[in-house]
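Since every read-out is calculated from the coordinates, none of them should be taken as a lab result. Source: prediction; values computed, not measured. Cβ: placed from backbone, ideal geometry, glycine included. Neighbour counts: every protein chain shown.
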Amino acid sequence: MQCTLCPRQCGALRTNDAGQGFCQLPEGMLIARIAPHLWEEPPVSGARGTGAVFFSGCTLRCAYCQNGDISHRNAGRPFTPRELADAMRRLVDAGMHTISFITATPYVHQILRTLDLYRPPVPLVWNTSGYETVETLRMLDGIIDVYLPDLTHRSEAMGRLCAKAPDYFERASAAITEMVRQTSAGSPQYNEEGVMTRGTLIRHLILPGLTSESIALLDWVRDCLPAGVPVSLMRQYIPMNGVSIKGLDRSITEREYRRVRDHMLALDLPGFLQEPESASADFVPVFCRDESYI
Ligand code: SF4
């Protein structure tokens with residue numbers, strides 16, 4: 001295929017086992033982990049967990065990514081649609097509340113083929129950097145139940161510096177608007193176990209020294225999206241992946257966290273606040289070992 005699935009718009013050749021685009025991913029699926037996962041937001045993980053499929057590669061590749069082995073270095077094992085369908089069935093049999101496709105954009109076609117083979121009877125979650133095209137998201141309209149996009153960089157300068165994506169906010173804001181349109185246009189729906197069955201939940205990671213970007217992004221959510229779209233405010237940033245960008249070599253301070261949290265509360269945005277203990281490398285899952293696959 002000549003790939004234009006994400007905003008990079010490489011038009012690059014991707015064969016079953018090699019890729020020449022920005023993401024360097026083949027057309028065939030590479031997956032780094034398929035396992036129960038308890039550490040997403042409560043409406044996604046519930047009490048028993050989400051069945052998390054961590055796809056190899058990423059179209060954004062933030063310099064500080066905590067999953068650098070898979071997002072930058074594409075670690076993973078090849079999977080066919082049939083193999084992924086069988087693994088999803090095992091996750092459902094293990095009692096997972098939801099199935100989460102994590103950084104799955106480069107594999108949209110294979111995922112649609114997989115869902116033709118087996119459609120799990122639980123909500124499907126699209127967990128993404130937010131760096132998506134509206135055209136690719138429209139392929140998922142009516143199929144994905146819950147969108148879980150990051151919304152991280154507001155200025156062109158930070159998008160360029162952190163991810164070589166000066167158009168990050170332009171693309172992510174259009175993508176999230178489309179996600180909200182597809183999923184209840186605002187207020188999410190939940191089942192009796194408190195699991196989201198339809199909706200969009202925006203994640204924002206506070207970066208050190210960049211609270212003004214955080215505040216501008218929260219203002220955009222309040223001003224430009226329908227009321228009721230929840231935000232998960234994340235304080236887990238720790239420098240990883242050998243990040244060398246000046247200022248991003250530390251965790252956020254309590255004062256920075258409070259400044260953003262207080263702004264979110266003042267805007268009266270619904271959502272979730274993260275515990276301080278989450279800023280730990282202990283929360284990074286184990287990838288690509290035999291025990292990483294159910
Ligand atoms: S998915 Fe990969 S190859 Fe396709 S447009 Fe995006 S970066 Fe380029």
| message | So if each residue of separation counts as 0.36 nm, and I subtract the Cα-Cα distance between Gln189 and Ser155, what length gain in nm does that give? | response | 9.0 nm
| query | In whole angstrom, how far apart do the alpha carbon centroids of the stretch 153-184 and the stretch 214-257 sit? | reply | 14 Å
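For the chain, give the magnitude of the charge dipole about the Cα centre (Cβ charges: +1 Lys/Arg, -1 Asp/Glu; no others), in debye to the nearest 20.
Working: 29 positive and 33 negative charges, 99 e Å.
I would put it at about 480 debye.
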| task | Could you state, as a whole-number percent, how many of the C-alpha pairs of the chain are farther apart than 26 Å? | result | 41 percent
| Proxy reagent accessibility, fewest Cβ within 10 Å first, across Val108, Val134, Val231, Val286 | Val286, Val134, Val108, Val231
| Counting other Cβ atoms within 10 Å, which trypsin sites (Lys or Arg not before Pro) in the stretch 228-276 have at most 11 and lie in a DSSP loop? | Lys246, Arg250
| Glu291-Met240 pseudo-label distance in nm [points 7 Å out on the Cα-to-Cβ vector] | 1.8 nm
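Percent antiparallel among DSSP beta bridges with both residues in the chain, to the nearest 5? List each step's numbers first, then the result.
On the way: 15 of 39 bridges.
Of the beta bridges lying entirely in the chain, close to 40 percent run antiparallel.
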